[in-house]
Amino acid sequence: MNTFAKESLGIFPTPIHRLPNLSRELGTNVWIKRDDLCGVALGGNKVRKLEYLLADAKAKGYDLVMTTGQAQSNHAMLTAACARRMGLDCILVLKERGITERKGNQILNYLMGVEVRFVDTDSYDEVYKEMDRIAEELGRKVYKIPCGGSNALGSLGYVDCMKEVSEFGQKFEHIVCACGSGGTAAGTILGAKMYMPETHVMCSMVDSDPFDVIVPELMKEAVELMGVDMEIPVPDLVDMCGPGYSIPSEAGNEAIAMMMKLEGILLDTCYTGKAFAGLIQRARAGEYKPEDNVLFVHSGGAGGLFAQDWENMSL
């Protein structure tokens, strides 16, 4: 891993601690990996990916970065924050989907003074074409980061994360993470196989994309990038998307409220609420033993929580 260029952007390793009240409630030992406390903006999993991606941009001589996502994209906001720290220009080219008003992550984008352009489309191909058009308009080269930072290089950030977990000193039978674009899931599964081969990883899908194809392909590409000889694991994926990507779900809202009431930790409606709902679902189905240690990877996203209209949501 040391052969890859990497920028120091986050405060790592992030804390791991047991959640005693949730453990009692769910009948198993629930732990949390606090990647929401990585030290950039409101934190989140994207910082680990950006350490590799922005280092690559810098090494290749780019001074303009563009990325995408929906209006409340945590990845886009963190890309802007990290690019600013590195002295790189950043333009966010976002789908005009979700909450576009100056709420949630759009407040943070505004405070950073980052340029945000919305594209009225459901197609990321159209968004990437718009990036090329903007770059041509500006007469500049652009380093394009895919949605979620989810490519082989970005996935290495969660191989790093699993190395941190393996060095913590506690054996975990299970690890649970969100799967929203595939990179975090791919890196987590690969890293667990490399450093904790007896640990099972379950990924809560919060989008309806074909992750049974996307995640193995990302793992394959990451393995080739690292130059290691290993079998690609079959991912354990559970559908927690609910009514749709970035749309709050009843199960996700219950998980957010449970985590806040019992442990005082914020989850979000797009990623971590639904991901933790997957853990709750399996615990209530009796799939975790009382003596098991189950680690939840808190991948951030709290900014989007404050864009929602909670007056009209039930818990």
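The values are calculated or read from the model by the stated rules, or taken from the named source; none is laboratory data. Please read all numbers here as calculations on a predicted model, not as lab measurements. A quick note on method: Cβ atoms are made from the backbone with ideal geometry, for glycine too, and the neighbour counts reach across all protein chains shown.
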Legend entry - Matching option when the condition is in contact with a helix residue (DSSP H, G or I) (Cβ under 6 Å, 6 or more places away or on another chain) and more than 18 Å from N29 (Cα to Cα), among I256, I247, I265: I256
Inset, instruction - Please specify each residue of region 52-110 satisfying the condition of being in contact with an Asp or Glu (Cβ under 8 Å, 6 or more places away or on another chain) and among the basic types (K, R). - result: K58, K95, R97
Legend entry - helices (runs of 4 or more DSSP H) (entirely within region 104-175) containing at least 2 residues that are hydrophobic (A, V, I, L, M, F, W, C) and buried (at least 24 other Cβ atoms within 10 Å of the Cβ): 152-166
Inset, instruction - Take D35 and decide whether it is of a type in the set (D, E, K, R) and not assigned by TED's automatic domain parsing to the domain that holds G286. - result: no
Legend entry - Meets criteria (in the same structural domain as K274 (by TED's automatic domain parsing), under 16 Å from Y158 (Cβ atoms) and touching a residue at least 40 places away in the same chain (Cβ under 8 Å)) for P233: yes
Inset, instruction - Return yes when S155 is among the polar types (S, T, N, Q) and under 17 Å from T79 (Cβ atoms) and no when it is not. - result: yes
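Can you name every residue in region 191-219 that is aliphatic (A, V, I, L, M), part of a helix (DSSP H, G or I) and closer than 21 Å to H75 by Cα? Break it down into steps so the answer makes sense when it comes.
Step one: filter region 191-219 for residues aliphatic (A, V, I, L, M), giving 192, 194, 196, 201-202, 205-206, 213-215, 218-219.
Now narrow it down to the ones that are part of a helix (DSSP H, G or I): 192, 194, 213-215, 218-219.
I214, V215, L218, M219, listed by residue number.
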